[in-house]
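These notes concern the structure reproduced below.
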Amino acid sequence: MWVIHLEWVDQFKSEIMDFDWVVILDFWAEWCGPCRMLWPVMEELATDNEWKNVKIVKADVEWPGNEELVQKFQVSSIPAVFVIKAWEVIKPVIGVNPKEVYQAEIDALATAKVVKMDNSEDMNNSENIVKMDNSEDDLQMAA
């Protein structure tokens, strides 16, 4: 598997919204030193998880086609990595972390089923979850 580079919103929809596996979405910029430190980690994750249901996706925050994604994910600092499964952000991970942090998330979710929660359920432990409504091709922050 290789790292996929997002360049426009429609590509996001096809790479993530239409993809039911685990997705690691990394927001980065070329000038960002910590982002460059994370690059080889993402490459290793892609190689190590080649035969799992995992996709590693990078989105340059300065690429004009990614502006909408940056806003929807409320990215205010980079690197910002989001672990996504079944159109739902399971966990945001801000800053540079060792490969093992991301691998643990992949391992936990690669075979797990994610049950979508509606707004009436208790969401105390999921205040940072971004809900993706596949029917409207849009992202929403969970309440």
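Nothing in this text is a laboratory measurement; each read-out follows from the coordinates by a stated rule. Note that the structure is predicted; figures quoted are calculated from it, not measured. Every residue, glycine as well, gets a Cβ built from its backbone with ideal geometry; the counts of neighbours run over all protein chains shown.
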Cβ crowding within 10 Å averaged over residues, with 95-103, 58-66 ranked highest first:
58-66, 95-103
Spelling it out for LYS58: with amide H atoms placed in the peptide plane at 1.01 Å from N, the residues 5 or more places away or on another chain with amide H under 5 Å from its amide H are ILE4, HIS5, LEU6, ASP26
Go through segment 26-37 residue by residue and turn each phi into a ³J(HN,Hα) via Karplus (6.51, -1.76, 1.60, θ = phi - 60°); whole Hz please, and just put x for glycine and proline.
10, 8, 8, 8, 4, 7, 7, x, x, 5, 5, 5
Final fewest-first order of LYS13, LYS55 on the 10 Å Cβ neighbour count is LYS13, LYS55
Just subtract the alpha-carbon distance of LYS99 and GLU43 from 0.36 nm times their residue separation and send over the number in nm, one decimal.
19.2 nm
